[in-house]
Amino acid sequence: ALSGCPTLSRVSVSSDNQAYSSFDGMLFSKDLSSLLSVPEGKGGVAQIPDLTTAVPARLFSQCAELSCVEVGEGSTAFASRNGVLYSKDMTTLLAHPVGAGSAIVVPEEVESIASGAFTGCTVTSLAVLGNVISVDSGAFDESAKSAVVALPAGADYDERKAVWEAAGFIKFAEPAVPGAPAVPPDS
């Protein structure tokens, strides 16, 4: 009922409502355990309550002005860093807000990218700092797969690159080889 309304920026639910509640202008289940809808016009920061345990990433995909998702230290399900939503242990990247920029840094702890994590995002580059072992087939829009992926050098480089190739990425910034001379671009 709330989709297709790009100027809607807040939802308010009466405290008397038996099924739903609102928090930070978003629609939740009554007990705040599940995020149900994010208005397309929501901008800035989306605050996720500590009680929330279910946040479908696709809910952020239409929010072009949303640049940050934050959760409190008391959350048992989620963590946030630099405005991006992760599993509590930081091993799964769950949602990158559409308005958070196109140059993505995937922290060292991340091992998997969840379905819908980058839906709606413009992605120009991915700097993957650690060892991502799985990328869900629905994590990125097709247009994002033209982004350049930079992986750290190491003995298992080819295996890590294969994970991103299986996800549909074809452009890679090859890691620098220690001791190799830097060659400036042609003028």
Condition first: more than 19 Å from Ser21 (Cα to Cα) and part of a strand (DSSP E or B). Now tell me which residues in the stretch 48-68 satisfy that. Leu66, Ser67, Cys68
Quick check on my filter: what residues within the stretch 1-26 are surrounded by fewer than 17 Cβ atoms within 10 Å (Cβ to Cβ) and part of a strand (DSSP E or B)? Tyr20
Those residues that are closer than 17 Å to Phe140 by Cα and open to solvent by less than 40 Å² (accessible area, probe 1.4 Å), I need them from the stretch 57-85; list them, please. Ala57, Leu59, Phe60, Ser61, Cys63, Val84, Leu85
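It is to be established whether one or more residues within the stretch 41-56 are charged (D, E, K, R) and open to solvent by less than 40 Å² (accessible area, probe 1.4 Å).
Yes, there is a match, as at least one residue in the stretch 41-56 is charged (D, E, K, R) and open to solvent by less than 40 Å² (accessible area, probe 1.4 Å).
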So which residues in the stretch 108-119 are under 20 Å from Leu66 (Cα atoms) and either in contact with a Gly (Cβ under 7 Å, 6 or more places away or on another chain) or open to solvent by 30 Å² or more (accessible area, probe 1.4 Å) (or both), if there are any at all? Ser115, Gly116, Thr119
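The rows are residues; the columns are (1) of a type outside the set (Asp, Glu); (2) under 18 Å from the mean Cα position of the chain (by Cα); (3) closer than 15 Å to Ser87 by Cβ; (4) part of a helix (DSSP H, G or I).
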| position | (1), (2), (3), (4) |
| --- | --- |
| Ala127 | yes, yes, no, no |
| Gly138 | yes, yes, no, no |
| Lys145 | yes, yes, no, yes |
| Gly154 | yes, no, no, no |
| Lys161 | yes, no, no, yes |
| Glu165 | no, no, no, yes |
Residue ID - nearest to Val128 (Cα to Cα), chosen from residues in the stretch 74-85 that are of a type in the set (A, V, I, L, M, F, W, C), touching a residue at least 12 places away in the same chain (Cβ under 8 Å) and assigned to a strand (DSSP E or B): Val84
Taking Ser134 as the residue in question, decide whether it is modelled with pLDDT under 95 and of a type in the set (Ser, Thr, Tyr). no
One residue is enough: does the stretch 86-107 have a residue meeting the conditions touching a Pro at 6+ places or on another chain (Cβ under 7 Å) and either free of Cβ contacts under 8 Å to residues at least 60 places away in the same chain or crowded, with 17+ Cβ neighbours inside 10 Å (or both)? yes
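On the given criteria, is Ser29 exposed (fewer than 14 other Cβ atoms within 10 Å of the Cβ) and in contact with a strand residue (DSSP E or B) (Cβ under 9 Å, 6 or more places away or on another chain)?
So Ser29 does not fit the description; no.
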Filtered residue count, the stretch 153-171, keeping only those that are open to solvent by less than 40 Å² (accessible area, probe 1.4 Å), out of contact with any helix residue (DSSP H, G or I) (no Cβ under 6 Å at 6 or more places or on another chain) and not basic (Lys, Arg): 4
Restricting to the stretch 128-137, give me the number of residues that are out of contact with any Leu (no Cβ under 8 Å at 6 or more places or on another chain) and surrounded by 15 or more Cβ atoms within 10 Å (Cβ to Cβ). 5
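The values are calculated or read from the model by the stated rules, or taken from the named source; none is laboratory data. Since the structure is predicted, the reported quantities are computational estimates derived from the model, not experimental observations. Reconstructed Cβ throughout: ideal geometry from the backbone, glycine too, with neighbour counts over all protein chains shown. Heavy atoms of the whole protein, side chains included, go into the accessibility calculation; ligands, DNA and RNA do not. Shrake-Rupley method; radii C 1.70, N 1.55, O 1.52, S 1.80 Å.
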